[in-house]
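Visitor: One structure is given below, represented as structure tokens, and several questions about it will come after.
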Amino acid sequence: MAGTTVADDGLVEQAFGAAAIRLGTAPGTPQFAAMLDHVRATMGESKISVFRHLAGGDEERARQANAAFEDAYGRLVADGHCAPVPGAREAIEQLRAAGRTVALTTGFARATQDAILAALGWRDLVAATLCPADTGPLGRGRPHPDLVLAALLRTGAADDVRRVAVAGDTAYDMRSGVRAGAGVVAGVLTGAHGTEALREAGATHVLDSVARLPELLSSLERPDA
């Protein structure tokens with residue numbers, strides 16, 4: 001969602017400051033800068049997985065840091081720092097009008113995802129919204145294929161995973177789509193990673209924005225595509 005359908009505008013990095021303090025690291029220090037570099041490099045990954053890495057495997061510290069991050073991000077959303085990527089809602093509506101089923105997935109916790117959906121008025125916009133906890137006992141987020149496959153299983157929208165299209169702004173989104181076997185894995189340039197990183201991670205297409213997704217899928221269904 002963030003960076004793909006929702007404009008991030010640095011909210012992840014802002015919220016990370018609160019999490020770093022829980023990890024015993026003060027903003028402005030070399031250690032904080034190194035941690036922030038890791039957060040940037042792993043955009044798209046399940047946030048609890050990121051904090052497990054930063055906490056050196058200390059599960060309790062990781063969970064405290066993740067809770068601080070989610071709380072800080074939720075407050076930023078509640079304060080009005082949340083907006084859709086231009087054309088994102090219209091793209092979803094176009095996809096639905098064409099008979100396609102749309103699911104939104106995220107590496108955030110369910111409470112944060114719900115806060116974003118409420119802020120944007122998107123609660124009833126799509127067929128399914130999923131976070132890592134919705135994928136089963138392991139709760140694996142990206143780059144694992146679980147979110148994509150869970151969306152397919154929950155909606156029953158296709159009888160072949162090759163009929164699934166995945167769109168995202170990070171290399172982790174691309175790897176998740178590739179590992180799931182999606183027929184289209186489209187990177188978008190409104191978020192964390194650029195064309196080279198998206199292509200290297202397996203993107204079949206790179207778009208300026210998710211607003212271009214309906215056009216891409218329609219073109220791929222034409223006989224001369």
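Visitor: For segment 114-190 and segment 1-25, what is the centre-to-centre distance using only Cα atoms, to the nearest Å?
Guide: Cα centroid of segment 114-190 versus Cα centroid of segment 1-25: 20 Å apart.
Visitor: Quote the Stokes-Einstein diffusion coefficient, in whole µm² s⁻¹, for segment 36-84, based on the Kirkwood radius over alpha carbon pairs, a temperature of 10 °C and a viscosity of 1.306 mPa s.
Guide: Using the Kirkwood radius from Cα pairs, D works out to 137 µm²/s.
Visitor: Give a residue-ordered list of calculated ³J(HN,Hα) values for segment 166-180 (Karplus: 6.51 cos²θ - 1.76 cosθ + 1.60, θ = phi - 60°; whole Hz; x for Gly, Pro).
Guide: Karplus-based 3J(HN,Hα) across segment 166-180 equals 10, 10, x, 9, 10, 4, 5, 4, 5, 5, 4, x, 4, 5, 7 Hz.
Visitor: Averaging sequence separations of C-alpha pairs under 8 Å and six or more residues apart, then dividing by the length of segment 129-191, give the relative contact order as a whole percent.
Guide: 30 percent
Visitor: How many percent of the accessible area of the chain is carbon or sulfur, using a 1.4 Å probe?
Guide: 49 percent
Visitor: Run the helix sum for the chain: -39,500 (n - 2.57) per DSSP H stretch of 4+ residues, divided by residue count, reported at 222 nm to the nearest 500 deg cm²/dmol.
Guide: -14500 deg cm²/dmol
Visitor: Collect residues whose amide H, placed 1.01 Å from N in the peptide plane, falls under 5 Å from the amide H of LEU207; neighbours closer than 5 in sequence don't count.
Guide: HN-HN under 5 Å from LEU207: GLY187, VAL188, LEU189.
Visitor: Still on this model: Show me, for segment 207-220, the HN-Hα J-couplings you get by feeding each phi into the Karplus relation (A = 6.51, B = -1.76, C = 1.60, θ = phi - 60°), rounded to Hz, glycine and proline as x.
Guide: Along segment 207-220, the couplings run 10, 4, 7, 4, 4, 8, 4, x, 4, 4, 5, 5, 5, 6 Hz.
Visitor: Now for a different question. In terms of modelled amide H atoms, which long-range or inter-chain residues lie less than 5 Å from the amide H of THR105?
Guide: LEU130
Visitor: How big is segment 4-68 in terms of Cα radius of gyration and Dmax, in angstroms?
Guide: Considering segment 4-68 through its Cα atoms, Rg and Dmax are 11.2, 33 Å.
Visitor: Using Cα pairs under 8 angstrom and six or more residues apart, how large is the relative contact order of the chain, in percent?
Guide: Here the relative contact order equals 20 percent.
Visitor: Compare the Cα positions of ILE116, LEU189, PRO137 along the charge dipole of the chain (+1 at Cβ of Lys, Arg; -1 at Cβ of Asp, Glu; about the Cα centre) and return the one farthest towards the positive end.
Guide: In the chain, that residue is PRO137.
Visitor: Oh, and also: Rounded to whole Hz and in sequence order, give me ³J(HN,Hα) for segment 16-31 from the Karplus expression 6.51 cos²θ - 1.76 cosθ + 1.60, θ = phi - 60°, writing x for Gly and Pro.
Guide: Per residue, the Karplus-derived 3J(HN,Hα) values read 5, x, 5, 5, 4, 4, 5, 8, x, 10, 8, x, x, 8, x, 5 Hz.
Visitor: Moving on to the next point. If you restrict to DSSP beta bridges whose two residues both lie in the chain, what percentage is antiparallel, to the nearest 5? Don't jump to the answer; show the numbers that get you there.
Guide: Numbers: 2 of 13 bridges.
Percent antiparallel among DSSP bridges in the chain is about 15.
Visitor: What value in Å³ per residue do you get for the convex hull of the alpha-carbon atoms in the chain?
Guide: 116 Å³
Visitor: What order do you get for 121-128, 200-207, 146-153 when each peptide is scored by the mean count of other beta carbon atoms within 10 Å, highest first?
Guide: Answer by packing, highest mean first, reads 146-153, 200-207, 121-128.
Visitor: If amide hydrogens are placed 1.01 Å from N in the peptide plane, which non-local residues have theirs closer than 5 Å to the one on VAL85?
Guide: When sequence neighbours closer than 5 places are left aside, the close amide H contacts are VAL6, ALA7.
The values are calculated or read from the model by the stated rules, or taken from the named source; none is laboratory data. From a predicted model like this one, the values you see are computed outputs, not experimental measurements. Virtual Cβ from ideal backbone geometry, glycine too; neighbours counted across all protein chains shown. We work out accessible area using only protein heavy atoms, side chains counted, and drop any ligands, DNA or RNA first. Shrake-Rupley method; radii C 1.70, N 1.55, O 1.52, S 1.80 Å.
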